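We did not get these values from a lab; they are worked out from the coordinates using the rules stated. Predicted, not measured: the structure shown is a model, and the values here were computed from it. Glycine also receives a Cβ, built like all others from the backbone with ideal geometry; neighbour counts cover every protein chain displayed.
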Amino acid sequence: MAVCPKCFEQGELAQECPKCHRFYVDADDLRKSKNDEMLGDIIDGKYILLSLIGEGGMGKIFRAKQKYTNQIVALKILKSEYMEDETLKDRFFREAEVVSALNHPNIVKMYGCAPDEKHNTLFMAMELLVGRTMFDVLHKEVPPLATLVRWFSEMASGLGEAHKHGVFHRDLKPENIFMLKDDDGVEHVKILDFGFARLQGASKKLTMAGIAFGTPHYMSPEQAMGLDDITAAVDVYALGVMMFQAISGHLPFDSPNGSPMDVMYAQVHSETPPCTPRPEYRPPERLIKCIYKCMEKQPAKRFPDGHALNLELQEIANELKNERSIGTKPAPITNPTLPTSGSLGITGKIKELFTGENQLVAIMVSAIVVLIIIVIVLFATVL
């Protein structure tokens, strides 16, 4: 049932109420949106606000319908009280500029951005996504390893496109990775929220040197230090943290008391802990090495950009595919702190003798030894 948000008269969804000149919205959406005052309104004379999808400190996101094409979009609107903040307005337009320049299947699509003087706000129209976030996935399930690698390869591919255009996301995290299914039911990723993105060579910088921007748990050391000279390596680091989290089941750096400063300090000064796979996974050692390379403290030691990382992840995906096709499992991850076969001692040597290619020879030798013992016992009995 569709109702007018102002007079509550019933009517046809997305059609204009002749009495109030608002547009009819679904009654359930109106109730879930707590009668948001903007529901049923029209932005820029063409985007009808049908339901509230989400709300943050500085803006709201609505499901909207393009009045003349019937296209359903996500409409991001800046709250009017922030219209006096020129930095926020510039950042809003910068996000629109950045995303509009990127055309990639793993990056959310941008349809347009403009001011709306009637409502004293700014808006941007984007692709409406239906699905879940990577945050939901990491906290609720354990996807197959091959699926995880494919997802991270898609993320790296999307980042590679952004990096090619001189765009650095700077706030990559599971909440900004959206998962949606294609027509065959296969989930793919979309990178969202380029609000903190840095455009290389931009004449106007929207962040101040010495101030850290991003999310501490996924922040590169150079971001945590507030360095101004950043590269695509900041996104590579964040993706490495997400891979570490997905494979091990926990974040590499955390704070027992929830202190962001403690986490940022660890990002800069603490060694990357071992990425011990959760019981459900047996990842190839190449994947673990890939994660460590992404999380190198020095940017120059990481993969230079998303494209280079994607090439490595595609190779790892092919290895996993080949292992599945021939029915083998990845070799266990070696730990340099554990003793090697050269230092196993007598017990270890015996165990080594009875494994692998030496097993048949070992059995024959054992049988001969048993026969000799039997002969000796019989000879001693006769005497």
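Here is how the numbers come out for the structure above:
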{"read-out": "Loop trypsin sites (Lys or Arg not before Pro), region 104-144 (other Cβ atoms within 10 Å of the site Cβ: 16 or fewer; DSSP)", "value": "118"}
{"read-out": "Region 1-56: C-alpha gyration tensor shape, a/c 1.5 cut-off, then a/b vs b/c", "value": "oblate"}
{"read-out": "Distance in nm between pseudo-label sites at residue 225 and residue 141 (7 Å out along the Cβ direction from Cα)", "value": "4.1"}
{"read-out": "All aspartates and glutamates inside 20 Å of residue 79 as judged from Cα atoms, apart from same-chain residues fewer than 8 positions distant", "value": "36, 37, 41, 44, 55, 90, 95, 97, 116, 117, 193"}
{"read-out": "Nearest-20 debye value, region 32-186 charge dipole, Cβ charges on Lys, Arg, Asp, Glu", "value": "280"}
{"read-out": "5 angstrom amide H check on residue 111, placed H, neighbours 5+ away", "value": "125, 126, 127"}
{"read-out": "Loop-located GluC sites (Glu not before Pro) in region 127-194 whose Cβ has at most 10 other Cβ within 10 Å (DSSP)", "value": "141"}
{"read-out": "Protection proxy ranking of 38-45, 303-310 - average other beta-carbon atoms within 10 Å, highest first", "value": "303-310, 38-45"}
{"read-out": "Region 74-126-region 255-277 distance, computed between alpha-carbon centres (Å)", "value": "34"}
{"read-out": "Segments 59-67, 215-223 sorted - mean Cβ within 10 Å per residue, highest first", "value": "215-223, 59-67"}
{"read-out": "Qualifying GluC sites (Glu not before Pro) in region 235-316, DSSP loop, other Cβ atoms within 10 Å at most 11", "value": "271, 280"}
{"read-out": "Candidate lysines - alpha carbon under 21 Å from residue 164, same-chain residues fewer than 8 apart omitted", "value": "109, 173, 190, 204, 205, 293, 301"}
